[in-house]
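*Asks:* Before I ask anything, let me first share the structure, which is written out below as structure tokens.
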Amino acid sequence: MANFFDLTGRTAVVTGASKGLGRAFAKALAAAGASVFGLSRDQGELDGAKDEIAAAGGVFEPFAADILDESAIQKAVARCLDRFGPPDALVNNAGLGRVNKPFEEITTAEWRRTVDNNVTGTFICSKYFGLEMIRRKRGKIVNLASMSGLIANKGVHCGPYEVSKLGIVALTRSLASEWCAHGVTVNALAPGYIATKRNSEFFASHPEFTRQAIAAIPVGKIPTPDEIAGVMVFLCSSASDYMNGAVLVLDGGYTIW
Ligand SMILES: NC(=O)c1ccc[n+]([C@@H]2O[C@H](COP(=O)([O-])OP(=O)(O)OC[C@H]3O[C@@H](n4cnc5c(N)ncnc54)[C@H](OP(=O)(O)O)[C@@H]3O)[C@@H](O)[C@H]2O)c1
């Protein structure tokens, strides 16, 4: 039987690969055989990701760039082509999180920073890496939405984040409807709460919120990035070839109530 999840010989681009979910996705994709081209603004943390992946026998090429900087992303595409060839998969993971302020206290600058970084940054990376996929008539794009794009989160203030993630859902469907004709599928992953370093610090300083959040998750726990990273192998592999425009919810059941 074919190994639907084998990524040997494929190139996967992961934005925000320096830490958190992006780093876990990069590790999982490399472990499945992909050559991973990882972007973020922090060269030092990217180098750490490279060392960690190399120690496990994987291949990872770091590239420091801001996803909002169009010319830097064009240079990233050129470097990716030079190093690995055209991308088979693009994981638009880089994003800013919650500002944790009620609407009436959010500044316009904070609003713009979150929406611009999360939505416009995803558009820019999709456009320039996607052009290479369109040229080959083959590719898979996975955008990081969130359950926060599907519901209003209880007990935390994250208005601009929720708006940006619903924007990602719309961008995913819109791109999926246009680019399928070019052989490129576009899907979104919508995780619930994941115990990244940043979130774990928040959970530790908000024990009552965390107790209630875990009580609302039927599976009864908040997973680590490594525990959920395998789903990205599925989304970047031929196992998911018939998926297009889908939003895969990965929240332990938080949104089913
Ligand atoms: N953690 C969760 O519970 C959760 C749940 C649902 C969805 N998500 C989504 O999953 C994605 C990753 O979240 P995370 O929790 O892993 O966040 P994180 O730990 O804060 O990591 C964010 C990553 O994005 C990069 N990044 C942010 N803005 C960037 C920019 N303008 N240019 C280049 N890189 C940029 C950061 O790199 P540098 O700072 O080094 O540049 C970092 O690598 C986000 O899209 C988030 O919305 C997370």
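The values are calculated or read from the model by the stated rules, or taken from the named source; none is laboratory data. Since the structure is predicted, the reported quantities are computational estimates derived from the model, not experimental observations. Ideal geometry is used to build each Cβ from the backbone, glycine not excepted, and the neighbour counts take in all protein chains shown.
*Asks:* Is at least one residue of the range 206-222 under 18 Å from residue 98 (Cα atoms) and within 10 Å of the ligand (Cβ to nearest atom)?
*Replies:* Yes, that holds for at least one residue.
*Asks:* Only residues in the range 7-21 that are without any contact (Cβ under 8 Å) to a residue 60 or more places away in the chain count as the first member; pair them with residues that are in a loop (DSSP other than H, G, I, E, B), Cβ under 7 angstrom, at least 6 apart or cross-chain, and list the lot.
*Replies:* 8/33; 18/42
*Asks:* Okay, next question. Among the residues of the range 240-249 satisfying the criterion of being of a type in the set (A, V, I, L, M, F, W, C) and out of contact with any Leu (no Cβ under 6 Å at 6 or more places or on another chain), which is nearest to residue 183 (Cα to Cα)?
*Replies:* Let us first name the residues in the range 240-249 that are of a type in the set (A, V, I, L, M, F, W, C), namely 243, 246-249.
Filter once more, so that each one left must be out of contact with any Leu (no Cβ under 6 Å at 6 or more places or on another chain): 243, 246-247, 249.
Working: 243: 12, 246: 16, 247: 19, 249: 24 Å.
Ranking the qualifying residues of the range 240-249, first place goes to 243.
*Asks:* Next question. Of all residues in the range 156-170, which are surrounded by 23 or more Cβ atoms within 10 Å (Cβ to Cβ) and farther than 19 Å from residue 106 by Cα?
*Replies:* 168
*Asks:* Which ones in the range 166-198 are at pLDDT 95 or above, within 13 Å of the ligand (Cβ to nearest atom), farther than 11 Å from residue 141 by Cα and not aromatic (Phe, Trp, Tyr)?
*Replies:* Residues of the range 166-198 at pLDDT 95 or above: 166-197.
Checking which are within 13 Å of the ligand (Cβ to nearest atom) leaves us with 166-169, 171-172, 188-197.
Among the residues that remain, those that are also farther than 11 Å from residue 141 by Cα are: 166-169, 171, 190-197.
Within the range 166-198, 166, 167, 168, 169, 171, 190, 191, 192, 194, 195, 196, 197 qualify.
*Asks:* Every residue in the range 82-111 that is in contact with a strand residue (DSSP E or B) (Cβ under 9 Å, 6 or more places away or on another chain) and either away from the ligand (no atom under 14 Å from the Cβ) or assigned to a helix (DSSP H, G or I) (or both), please.
*Replies:* Matches in the range 82-111: 83, 84, 85, 86, 87, 88, 89.
*Asks:* Among the residues of the range 53-64, is any closer than 22 Å to residue 188 by Cβ, in a helix (DSSP H, G or I), within 16 Å of the ligand (Cβ to nearest atom) and over 16 Å from the mean Cα position of the chain (by Cα)? Give the derivation first.
*Replies:* Of the range 53-64, the ones closer than 22 Å to residue 188 by Cβ are none.
Taking every residue of the range 53-64 in turn, none turns out to be closer than 22 Å to residue 188 by Cβ, in a helix (DSSP H, G or I), within 16 Å of the ligand (Cβ to nearest atom) and over 16 Å from the mean Cα position of the chain (by Cα).
*Asks:* Answer yes or no: is there a residue in the range 129-139 that is under 20 Å from residue 35 (Cα atoms), of a type outside the set (A, V, I, L, M) and near the ligand (Cβ under 9 Å from one of its atoms).
*Replies:* Checking the range 129-139: not a single residue is under 20 Å from residue 35 (Cα atoms), of a type outside the set (A, V, I, L, M) and near the ligand (Cβ under 9 Å from one of its atoms).
*Asks:* Out of the residues in the range 29-45 meeting the condition of being within 13 Å of the ligand (Cβ to nearest atom) and surrounded by fewer than 23 Cβ atoms within 10 Å (Cβ to Cβ), tell me which one is nearest to the chain's Cα centre (by Cα).
*Replies:* Selected residue: 41.
*Asks:* If residue 2 passes every condition in (1) more than 15 Å from the ligand (Cβ to nearest atom); (2) buried (at least 18 other Cβ atoms within 10 Å of the Cβ) but one, which one does it miss?
*Replies:* Evaluating residue 2 over (1) more than 15 Å from the ligand (Cβ to nearest atom); (2) buried (at least 18 other Cβ atoms within 10 Å of the Cβ) leaves (2) as the failure.
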